[in-house]
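Report on one structure; see the data block that follows.
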Amino acid sequence: MKVQPVRGTRDFYPEDMAFREWLLERWRQASRRAGFVEVDGPELEPLELYTDKSGPEIAEQLYWLDDKSGRRLALRPEFTPTLARMIAARQASLPEPVRWFNISRCFRYERAQRGRLREFFQWNVDLAGVEGEIADAECIAVAVDGLRGVGLTARDVEVRINDRRLLAALVRHLGVAEDRVPQVFGILDKRDKVPAETLGVMMAEAGLAAAQRQGLARILAWKDLADIDARELATPEVAAAAESLRRLFGFLAAYGIAEWCRFDIGVVRGLAYYTGPVWEVHDLGGEFRAIFGGGRYDRLLGELGAKAMPACGFGCGDAVLGLLLDDRGLRPALAAAAEFFVASAAGDNWTDILRVVRHLRGRGRATQFDLKGGSLKRQMKKAAEAAARYVVIVGDELSAAGAVTLRDMQSGEQRLVPLDALGG
Ligand code: HAM
């Protein structure tokens, strides 16, 4: 019986694993450069951690199960609720601000497509305890540093930034009732994913009159903060939100990343807990779904039993980033290379081979040899396949003089060296 892997999951063969490790290491480096420390939590969480806080979209995508004691558990679809739960549990003793990063395996029952899987890795960077836009800017700067770290530039991707307070105020200003705003946000979040007509139908079904739909279309056409017209700016909450965004863009300029960032009134984000600035990273070619998603969630911690604490952060998936790097020819060639390959000059001289192997491994050197033995020619072929930096050829000199032949595979140079001096 041939068993297929679960749809939307991946097997990581050596080359895939090498790329995954390379990418995760770049995420770690970018996080640490900005002073974030790594944390982790369980992959299993109580289901209600997500159903209440993350909103309907994630709730529909949850993988859940009943355990043997009848507890309903979910496989984590994202890390933010876990992070909030962890901070809430130790809030009194955690030094503020909390600067944590995490790399988690996440599960979402999504329609599997390019860059969207049912099991993926997500890089999270979160900052809790700072209210001002400087914290949002700090997170965006880490994201941009992470993008740079994998070789991307402002010509490949952009950070599209909005503020939910601004959009909410504008939508209310159109006469949409407060309790309808989340529904309108949910529809707007689908803007790039469904045809325009479908969006119109969804808006009408949500009870938006034709004039309100037109008003929304006018707002969504804005390309710059300066496009917000005077009539809208006369509303104090619109003016305050626009001012906050201006401060955020000022900080981003001071971080030297203005060219990566632009205002986009259409960014809403699908998750329910965001309360302020929200942002996504997209490829400029518009080929892929969002690479990063982040924003401010000032109420989530309070809702999880902690004292109110402002927080913001982002998540970035490995799958879509991998596709983008492939598209740009930026996937690194990552051959797993042996440092030393031990070969026998004549015959399967296992005792001598293993003496050298033991010596090198004992000194912490990555050392291989050909387990099938055979001619020196065959062993040299295997050494080349293993991309060995050095080949150690073991012959009669080992028992006679404690020496072996060391061949530098890059220069082709070969010399006799005492075994004791081998491997540093
Ligand atoms: P999110 O927008 O749901 O936000 O996910 C963030 C990123 O995770 C996406 O942009 C994408 O790269 C990746 N991702 C999400 N779903 C999938 C999937 N099914 N397959 C592959 N990759 C996926 C969050 O999860 C928030 N918790 C991020 C956050 C952290 N906000 C504040 N702190």
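Some notes on this structure:
- The apolar share of the surface of the stretch 33-169, taken as the fraction of accessible area on carbon and sulfur atoms (1.4 Å probe, ligands and nucleic acids excluded), comes to 49 percent.
- Positive minus negative residues near Gln91 (Lys, Arg vs Asp, Glu; Cβ under 13 Å): +2
- Percent accessible area from carbon and sulfur atoms, the stretch 213-357, protein chains only, probe 1.4 Å: 54 percent
- In degrees, nearest ten, helix 133-149 long axis to first principal axis of the chain (Cα): 40 degrees
- The DSSP beta bridges internal to the stretch 340-421 are antiparallel in roughly 55% of cases.
- Positive end of the dipole of the stretch 46-205 (Cβ unit charges, origin at the Cα centre): among Leu167, Ser69, Cys106, the Cα lying farthest that way belongs to Ser69.
- Accessible area (Å², per residue) of the chain, counting only protein heavy atoms and a probe of 1.4 Å: 48 Å²
- Degrees, to the nearest 10: 376-385 long Cα axis against longest axis of the chain: 10 degrees
- Heavy-atom accessible area, probed at 1.4 angstrom with all protein chains present, ranks Phe292, Phe369, Phe12 as Phe12, Phe369, Phe292, highest first.
- Ranking by accessible area, most exposed first, for Asp408, Asp52 with a 1.4 Å probe: Asp52, Asp408
- Local electrostatic count at Ile187 - Lys and Arg +1, Asp and Glu -1, tallied over other residues with Cβ under 14 Å: +1
- Set of lysines with alpha-carbon distance to Lys53 below 17 Å, sequence-local pairs under 8 removed: Lys307
- Total charge dipole magnitude, the stretch 340-421, about the Cα centre, Cβ charges on Lys, Arg, Asp, Glu only, Debye to nearest 20: 300 debye
- Overall Cα dimensions of the chain, principal axis frame, Å, largest first: 94, 54, 48
- With respect to the chain, whose longest principal axis is taken over its alpha-carbon atoms, helix 350-362 is tilted by about 40°.
- Charge dipole of the stretch 1-124 (Cα centre as origin; +1 on each Lys and Arg Cβ, -1 on each Asp and Glu Cβ, all else neutral): 200 debye, rounded to the nearest 20.
- Of Gly364, Gly423, Val391, farthest towards positive along the dipole that unit charges on Lys, Arg, Asp, Glu beta carbons give the stretch 337-424: Gly364
- When +1 charges are put on Lys and Arg Cβ atoms and -1 charges on Asp and Glu Cβ atoms, the dipole computed for the chain relative to its Cα centre reaches about 840 debye.
- Per-selection Rg to Rh, the stretch 25-181 - Cα, Kirkwood hydrodynamic radius: 0.99
- Ligands, DNA and RNA left out, the 1.4 Å accessible surface of the stretch 369-424 is 52% carbon and sulfur atoms.
- Sorting 118-124, 234-240 by their mean Cβ neighbour count within 10 Å, with the most densely packed peptide first, gives 118-124, 234-240.
- Peptides 249-258, 82-91 ranked from most to least packed by the mean count of surrounding Cβ atoms within 10 Å: 82-91, 249-258.
- Per-residue ellipticity at 222 nm computed for the chain from its helices equals -11500 deg cm²/dmol, with DSSP H segments shorter than 4 residues left out and the rest contributing -39,500 (n - 2.57).
The values are calculated or read from the model by the stated rules, or taken from the named source; none is laboratory data. Quantities reported herein were computed from a predicted structural model and do not represent experimental measurements. Because the Cβ atoms are built from the backbone with ideal geometry, glycine has one as well, and the counts that use them run over all protein chains shown. Note: accessible area is taken over every heavy atom of the protein model, side chains too, but ligands, DNA and RNA are not part of it. Shrake-Rupley method; radii C 1.70, N 1.55, O 1.52, S 1.80 Å.
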